[in-house]
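The values are calculated or read from the model by the stated rules, or taken from the named source; none is laboratory data. Quick caveat, the model's predicted, so the values are computed rather than measured. Cβ atoms come from the backbone with ideal geometry, glycine included; neighbour counts cover every protein chain shown.
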Amino acid sequence: MTSGAAAGRYARALFDVALRETPADLETIQTQVDDLSRLFTQHPALAGTMGNPAVPVSKKVAVAKALIDRSGGIAVPLAKLIVMLAERDRLMALPAIARVYRDRLMDHQKIVRGEVTTAIALPPEKLRALEEGLERATGRKVVLETKVDPSIIGGVVTRLGSTVYDGSVTTQLQKMKQALIEAGQ
């Protein structure tokens, strides 16, 4: 099993256990798993040690338990997962587990993240209006990340998952160009 597939299984198991045992902690667990995964990305020495196959698993389990104790109140399902990952020498999968867990939580909450690209920065009220329109269209809460790309000239390009709504001036001009080329043949 690839590490990405393993991370997906661990994240889904964590979510399912948390949903069944402590549904009020779903978002707390998201924050905690993000914080723990950041430890590995922000501290290369820790990541190097925990990812080193020469370090005995017993030492990795001891470090994992110390991290749990020092964190001051990690949710029980997450604490159990951290220890299990250490025992199986898979703590380095934590960042991938955090991503999959976040996706699962957002799906459970009926939230979809998207990206909107415009030629100039959108005012907050226009961004909110766009989110509301997309919420009506999708039936889910939409949270948009904004990007500015002057090359689109004007209009809006919105991406929700694998769906792209391209209303940019650049695309419209390309379509007109193609139509003129086809008409001239």
Of A64, A79, A45, the only residue that is hydrophobic (A, V, I, L, M, F, W, C), free of Cβ contacts under 8 Å to residues at least 12 places away in the same chain and in contact with a helix residue (DSSP H, G or I) (Cβ under 6 Å, 6 or more places away or on another chain) is A79
Checking L122, L105 in turn, the sole residue that is part of a helix (DSSP H, G or I) and touching a strand residue (DSSP E or B) at 6+ places or on another chain (Cβ under 9 Å) turns out to be L105
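Conditions (1) β-branched (V, I, T); (2) closer than 18 Å to P95 by Cβ; (3) within 20 Å of the chain's Cα centre (by Cα), marked per residue:
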{"site": "L26", "(1), (2), (3)": "no, no, yes"}
{"site": "V55", "(1), (2), (3)": "yes, no, no"}
{"site": "K60", "(1), (2), (3)": "no, yes, no"}
{"site": "D69", "(1), (2), (3)": "no, no, no"}
{"site": "G72", "(1), (2), (3)": "no, no, no"}
{"site": "I82", "(1), (2), (3)": "yes, yes, yes"}
Checking E131, E182 in turn, the sole residue that is within 24 Å of Y101 (Cα to Cα) and either among the small types (G, A, S) or out of contact with any Asp or Glu (no Cβ under 9 Å at 6 or more places or on another chain) (or both) turns out to be E131
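Can you tell me which residue is farthest from V142 (Cα to Cα) among those in segment 72-102 that are small (G, A, S) and not in a helix (DSSP H, G or I)?
So in segment 72-102, the residues small (G, A, S) come out as 72-73, 75, 79, 86, 93, 96, 98.
Those left that are additionally not in a helix (DSSP H, G or I): 72-73, 75.
Working: G72: 33, G73: 31, A75: 28 Å.
The selected residue is G72.
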Residue set R136, R102, R128; condition modelled with pLDDT of 90 or more and under 30 Å from A13 (Cα atoms); output residue R102
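Let's see how each residue does on (1) assigned to a helix (DSSP H, G or I); (2) surrounded by fewer than 18 Cβ atoms within 10 Å (Cβ to Cβ); (3) modelled with pLDDT under 90:
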{"residue": "M1", "(1), (2), (3)": "no, yes, yes"}
{"residue": "A11", "(1), (2), (3)": "yes, no, no"}
{"residue": "T41", "(1), (2), (3)": "yes, yes, yes"}
{"residue": "L46", "(1), (2), (3)": "yes, yes, yes"}
{"residue": "T49", "(1), (2), (3)": "yes, yes, yes"}
{"residue": "V61", "(1), (2), (3)": "yes, no, no"}
{"residue": "R70", "(1), (2), (3)": "yes, yes, yes"}
Picking from T170, T158, T117, the residue that is under 30 Å from A5 (Cα atoms), of a type in the set (V, I, T) and in contact with a helix residue (DSSP H, G or I) (Cβ under 8 Å, 6 or more places away or on another chain) would be T158
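Return yes or no: is V112 more than 20 Å from D16 (Cα to Cα), in contact (Cβ under 8 Å) with a residue 40 or more places away in the chain and touching a strand residue (DSSP E or B) at 6+ places or on another chain (Cβ under 8 Å)? Reasoning before the result, please.
Values: more than 20 Å from D16 (Cα to Cα): no; in contact (Cβ under 8 Å) with a residue 40 or more places away in the chain: yes; touching a strand residue (DSSP E or B) at 6+ places or on another chain (Cβ under 8 Å): yes.
Criteria not met by V112.
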